[in-house]
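Structure record follows, encoded as structure tokens.
The values are calculated or read from the model by the stated rules, or taken from the named source; none is laboratory data. Quantities reported herein were computed from a predicted structural model and do not represent experimental measurements. Every residue, glycine among them, receives a Cβ derived from its backbone with ideal geometry; neighbour counts consider all protein chains shown.
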Amino acid sequence: MDQLPRAEAASAMNWTSWLPLRALSGWTAKDFNGDLAAGITLAAIAIPEQMATARLGGFGPEIGFFAFAAGSLAFALFGANRHLSVGADSTITPLFAGGLALIAASGSQHYLALAAMLALMVGLLVALSGIFRLGWIADLLSVPVTTGFLAGISVHIVVSQLPGLLGLPPESGETVRRIGEIVASLHLANPWSATLGLGVFALVFIAERISARIPAALIGMVLATLAVIVFDLKNRGVELLGILPNGLPTPGMPTVDFQDAQALVPLALLIAIVVMVQTAATSRSFVPQDGEVPDVNRDFVGVGAGSIVAGLFGAFAVNSSPPRTAIVAQTGGHSQLSGLIATAIVLALGAFGGGLLANVPQAALAGVLMFVAQHILRWQVFANVYRQAPVEFALILITMVAIVVLPIETGVAIGIGLSLLHGIWGSTRTEPIELAQVPGTSVWWPPNGSGTGEQHPGVLVAAFQAPLSFVNADRFKRGLRGLIDARSEDVKLVVLEASNIVEIDYTAAQTLIDAIHHCRDKGAVFAIARMESLRAQAALKRFGIADLVGPQRIFHSVDAAIRALGPEQPQQQDKVQ
């Protein structure tokens, strides 16, 4: 513990940070008006969105209300962020809907039980990741891969909602085949359904550009419902939600056999990673104005608890929502009381207002989801990556195509694999470089071709700008030996400038030992300078490298190493060209 950064140590030792209701701490009566306004606005946004997302997953709209309530209540109890909103989310819903459809018929009792069990598993994984402080898992997906993932999810949402928006029979099966069937059936589209769905989409799209605070989805749903009643659109082929069952669910463990639960493990792992990535990004983006440091691990516990509660009440896995969180922040919310107020409104509608939703057209909810689909497409990121990093733009396209063409969970696994491979590839490209001294200073810097660097006769200062691990160990050894061999006649001292070497694993330690022996075989002294990482210093001792080099040849600076071990320097130093 004494080697942890001070802030981390204080956080780890401060057990009070794990007390329940942290997201409500410090609340005063003067915060009530802001939380009330934010809660009402949040409910107006959440009602149509949660209904639409539940339908996207193959559930009754009322299940979306229960998922929102479970996520909001659990996060208020166990989370830390004062603004973060948790509930049904269109990012992960296509993921588990596609995976569950391979095991059970969508909407069947077996399907619902599997979804609840999956929610328990996802919630447990996410909560344990927070308890054991595994927030680093959220960095497994790079921005390009995340962008491609969201683009693929957007395509799935559009394809799944087009039939409802156009009044066509629902399609099932592979995404590409469904697209072909929808195109072939366009002549059967119901113009009334299409008008309602596209009208709701246009209303939400335009309103969002005016102000995100406008509950345009709710307004659109109300207007579409009035149009159904006034123009008797039920008799014109427009599909309606119908009367929803009133009442609240009772808690209980989902009835799933061991074989089915075992089959859900890979899907649970994938969804848990996506939930952690989105929760970490949301938590870090919406920090209270008082400068409170985001506690991502505690937020994992809150979001994970939300999925556990949702699963116990027969709903599905939940996730944090960046748009809804932004609404709470922008409308004056001060604490999770705003989420609790929204929950009370949503639960009241689910318990007593099923009849009020009987004439809501399916096309209106499809229009809401079509807006969500275009909203999660990160067009600006697409453009920036295309201009600035063409190789990483390929990651966007590959991930998007994989998620669209392959089973969706397979596509996500490929995206995660690509993200990790890209990070490893970056490490493998690192090579040792020779440094030169900036004239008149003690700074050693890579030569930039301007001819201003100075090199000490008989001294080679080399740097490696990455952690030393098995993925780049051979490249390090060959590169360092190459630098030594290139100046084998005059090199008397080799200094490894190690400020960027933050870790050394077993494989890399053996290559470093080989490089030291090679240096000595050439008649040169080997020294290490500026190894600042405590982990790397521990590795030197653990692998016997510190004894091999000798404590007297490990220095705090390159200059100190040269003063102590370097050959005599002439008055005029050679310029590096």
Qualifying residue in region 367-388 (condition: over 28 Å from ALA37 (Cα atoms) and among the β-branched types (Val, Ile, Thr))
yes
For region 363-388, give me each residue that is assigned to a loop (DSSP other than H, G, I, E, B) and at pLDDT 90 or above.
none
Within region 507-524, is even one residue at positive phi and either of a type in the set (Lys, Arg) or surrounded by fewer than 17 Cβ atoms within 10 Å (Cβ to Cβ) (or both)?
yes
Is it fair to say ALA37 is in contact (Cβ under 8 Å) with a residue 60 or more places away in the chain, over 24 Å from the mean Cα position of the chain (by Cα) and either at positive phi or assigned by TED's automatic domain parsing to the domain that holds ALA351 (or both)?
yes
Looking only at region 107-141, which residues are surrounded by fewer than 21 Cβ atoms within 10 Å (Cβ to Cβ), among the hydroxyl-bearing types (Ser, Thr, Tyr) and in contact with a helix residue (DSSP H, G or I) (Cβ under 7 Å, 6 or more places away or on another chain)?
TYR111
Within the bounds of region 134-148, is there any residue that is over 29 Å from ILE396 (Cβ atoms) and at pLDDT below 90?
no
Is there a residue being in a helix (DSSP H, G or I), under 21 Å from VAL200 (Cβ atoms) and among the aliphatic types (A, V, I, L, M) anywhere in region 231-250?
yes
So for region 165-184 (the condition being in contact with a helix residue (DSSP H, G or I) (Cβ under 9 Å, 6 or more places away or on another chain) and of a type in the set (Lys, Arg)), does at least one residue qualify?
yes
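To keep it simple, each residue is scored yes or no on (1) farther than 26 Å from PHE205 by Cβ; (2) out of contact with any Leu (no Cβ under 6 Å at 6 or more places or on another chain); (3) basic (Lys, Arg).
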{"site": "GLY34", "(1), (2), (3)": "yes, yes, no"}
{"site": "ALA44", "(1), (2), (3)": "no, no, no"}
{"site": "THR53", "(1), (2), (3)": "no, yes, no"}
{"site": "ALA69", "(1), (2), (3)": "yes, no, no"}
{"site": "ALA80", "(1), (2), (3)": "yes, yes, no"}
{"site": "LEU128", "(1), (2), (3)": "yes, yes, no"}
{"site": "ARG133", "(1), (2), (3)": "yes, yes, yes"}
Can you tell me which of GLY242, GLY199, GLY247, GLY252 is surrounded by fewer than 18 Cβ atoms within 10 Å (Cβ to Cβ), over 30 Å from GLY314 (Cβ atoms), touching a residue at least 60 places away in the same chain (Cβ under 8 Å) and assigned by TED's automatic domain parsing to the domain that holds LEU56?
GLY199
Any helices (runs of 4 or more DSSP H) falling wholly within region 390-505 and containing at least 3 residues that are among the hydrophobic types (A, V, I, L, M, F, W, C), at pLDDT below 90 and out of contact with any helix residue (DSSP H, G or I) (no Cβ under 9 Å at 6 or more places or on another chain):
408-428
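Take SER442 and decide whether it is touching a residue at least 40 places away in the same chain (Cβ under 8 Å), surrounded by fewer than 14 Cβ atoms within 10 Å (Cβ to Cβ) and outside the structural domain of ALA70 (by TED's automatic domain parsing).
It is true that SER442 is touching a residue at least 40 places away in the same chain (Cβ under 8 Å), surrounded by fewer than 14 Cβ atoms within 10 Å (Cβ to Cβ) and outside the structural domain of ALA70 (by TED's automatic domain parsing).
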Out of the residues in region 359-391 that are under 21 Å from ALA194 (Cβ atoms) and β-branched (Val, Ile, Thr), which is surrounded by the most Cβ atoms within 10 Å (Cβ to Cβ)?
VAL368
Over region 109-147, the set of residues among the charged types (D, E, K, R) and either under 21 Å from GLY99 (Cβ atoms) or not in a loop (DSSP other than H, G, I, E, B) (or both) is ASP139
Across (1) at pLDDT 90 or above; (2) surrounded by 15 or more Cβ atoms within 10 Å (Cβ to Cβ); (3) β-branched (Val, Ile, Thr), ILE214 clears everything bar (1)
I want to confirm something. Restricting to region 392-424 and keeping residues that are among the hydroxyl-bearing types (Ser, Thr, Tyr) and in contact with a Pro (Cβ under 9 Å, 6 or more places away or on another chain), which single residue is surrounded by the most Cβ atoms within 10 Å (Cβ to Cβ)?
THR399
Does at least one position in region 178-192 carry a residue that is farther than 25 Å from SER321 by Cβ, modelled with pLDDT of 90 or more, hydrophobic (A, V, I, L, M, F, W, C) and not in a helix (DSSP H, G or I)?
yes
Within the group ALA389, ALA402, ALA383, which residue is within 26 Å of ALA268 (Cβ to Cβ) and in the same structural domain as VAL277 (by TED's automatic domain parsing)?
ALA402
Check off (1) more than 25 Å from TYR111 (Cα to Cα); (2) under 16 Å from the mean Cα position of the chain (by Cα) for GLY332 and give me the number that stays unchecked.
(2)
Being under 30 Å from PRO169 (Cβ atoms), assigned by TED's automatic domain parsing to the domain that holds LEU128 and surrounded by fewer than 24 Cβ atoms within 10 Å (Cβ to Cβ) is true for just one of LEU312, LEU349. Which residue is that?
LEU349
What are the residues in region 525-553 that are within 16 Å of ASN500 (Cβ to Cβ) and assigned to a strand (DSSP E or B), if any?
ILE528, ALA529
